[in-house]
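The values are calculated or read from the model by the stated rules, or taken from the named source; none is laboratory data. Because the structure is a prediction, the values reported are computed rather than measured. Because the Cβ atoms are built from the backbone with ideal geometry, glycine has one as well, and the counts that use them run over all protein chains shown.
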């Protein structure tokens, strides 16, 4: 049949017949534009409905996940973002549990592999944007979920100090098939920086380089709230002030007694001076009497009476001289007594000053203890805030957490938690393990764990690199001095302006460039 039914129901000649009628001399049929139009028409009639159905089905699945299972959608999107960045996920069985790691590229014996370790309550997908920048042909990247985080479970043999966690990561890498002689560049953020540090200390044959990104290093704290120390310090300060007041009172009493003694000494000296004056007057009278006696003797003829009178006067002068000498002795005695009293007063002044100094010392010691108690109370309050900032459990705390952790809008696993609907899903992802996260944070962030961390820093021998956000409110940047003073081989220190506690999510490009620069410099130095 040479005719076929058109879409409009009319009969017309087929395109092949039309072409054949125009060129009857050829034996091969040819297709023209009409044939192409028919093909497009068939495609539009068949494929277009299929495409529409597929899109509608995808939208329906997305709406179903978004409305009924938002947490699954959130995890799926994070997994897809990580896969898009080139990460390949797998589970590694070990000691009755399994641990998840993500990998990009292949090990190269000439270049150390990048080992990425996340912080508390995160997982390996926080490194998604960082890993996206890595060249899989040059860099081998391994991101591991810490025990109890992400896709990793917790073994019954688990211990959650920095050293045991580092040993567990080492066993996971070996169980995953990492060559035993493959060199590593350990990069850790937050609490993961402490695990990376412990790896560098305990596994120096393989960990060749160390980078710590905003290590979780809050001020050292104690288990109590500081109120007992504060009260004891205030009591000691009060006791010291009381003793200082008593010493000052005794010093004042001594000064009064010294003044009284000086007054009595002056009175005695005045009396001695008066006695000496009287003795001098008596001596003068005795001399005058003797002179008169001599004159009377010379004038014996004229005046035996005068001689007798002169003798009387001489006797009276001698009596007066003796009386003056007695008065002078009495004055000297009084002067000595006054000097003794003055000396006793000065001794009391010295004793009072000693007591005042002792009281001031006790007051200073008490004030120091009070300050120490206040500091401990402040650190305890800081620790309480630290739990809420890192591990929020409601929307209000999450808002505060975002403000404290991030200086600029950031994404977690490529998904922004600043978008309000994403916040509730983000909380739902963490709440089931909140108690575990809080126990782990208490073990790592309080004083014993921080003391261990600083002790480990003093044992590191591999080249070290520190990256810190200048606006970090979780672990303030001034804490960097604690590590810089202990790291014996600190090669590079970078302070990132306009960056908070999470450089791996706030500025992954800048962080990757700094890590790459560190690796390049160490490679040049090694092979030079």
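Taken over the stretch 169-191, the criterion of being modelled with pLDDT under 95 and within 17 Å of residue 120 (Cα to Cα) is satisfied by 190, 191.
Considering only residues of the stretch 389-430 that are at pLDDT 85 or above and assigned to a loop (DSSP other than H, G, I, E, B), which is farthest from the chain's Cα centre (by Cα)? Looking at residues that are at pLDDT 85 or above and assigned to a loop (DSSP other than H, G, I, E, B), I get 394. Residues of the stretch 105-128 that are crowded, with 22+ Cβ neighbours inside 10 Å and in a strand (DSSP E or B): 113, 114, 115, 116, 117. Just wondering, is there one or more residues in the stretch 69-85 that are closer than 19 Å to residue 145 by Cα, outside any helix (DSSP H, G or I) and in the same structural domain as residue 431 (by TED's automatic domain parsing)? Yes, there is a match, as at least one residue in the stretch 69-85 is closer than 19 Å to residue 145 by Cα, outside any helix (DSSP H, G or I) and in the same structural domain as residue 431 (by TED's automatic domain parsing). Among the residues of the stretch 174-200, write down those that are buried (at least 24 other Cβ atoms within 10 Å of the Cβ) and assigned to a helix (DSSP H, G or I). Once the filter is applied, which keeps residues that are buried (at least 24 other Cβ atoms within 10 Å of the Cβ) and assigned to a helix (DSSP H, G or I), the stretch 174-200 yields 191, 192, 193, 194, 195, 196, 197, 198, 199, 200. At pLDDT below 95 and within 18 Å of residue 205 (Cα to Cα): which single residue out of 108, 122, 159 fits that description? The match here is 108.
Being more than 30 Å from residue 327 (Cα to Cα), modelled with pLDDT under 75, assigned to a helix (DSSP H, G or I) and more than 60 Å from the chain's Cα centre (by Cα), is that true of even one residue in the stretch 274-297? Yes - at least one qualifying residue is present in the stretch 274-297. Screening residue 131 on (1) more than 19 Å from residue 112 (Cα to Cα); (2) assigned to a helix (DSSP H, G or I); (3) in contact with a strand residue (DSSP E or B) (Cβ under 6 Å, 6 or more places away or on another chain) shows it passes everything except condition (1).
Of all the numbered requirements in (1) farther than 21 Å from residue 408 by Cβ; (2) in a strand (DSSP E or B), residue 516 misses one, and that requirement is (2).
Can you name the residue in the stretch 449-478 that is more than 14 Å from the chain's Cα centre (by Cα) and in a helix (DSSP H, G or I) and is also surrounded by the most Cβ atoms within 10 Å (Cβ to Cβ) among such residues? Outline the logic, then answer.
Kept after step one, since they are more than 14 Å from the chain's Cα centre (by Cα), are these residues of the stretch 449-478: 452, 455-467.
After this cut, where a residue has to be in a helix (DSSP H, G or I) as well, the list is 452, 455-457.
Numbers: 452: 17, 455: 12, 456: 20, 457: 24.
Taking the candidates together, the pick is 457.
Taken together, the residues in the stretch 201-240 that are in a helix (DSSP H, G or I) and at pLDDT below 70 amount to 14.
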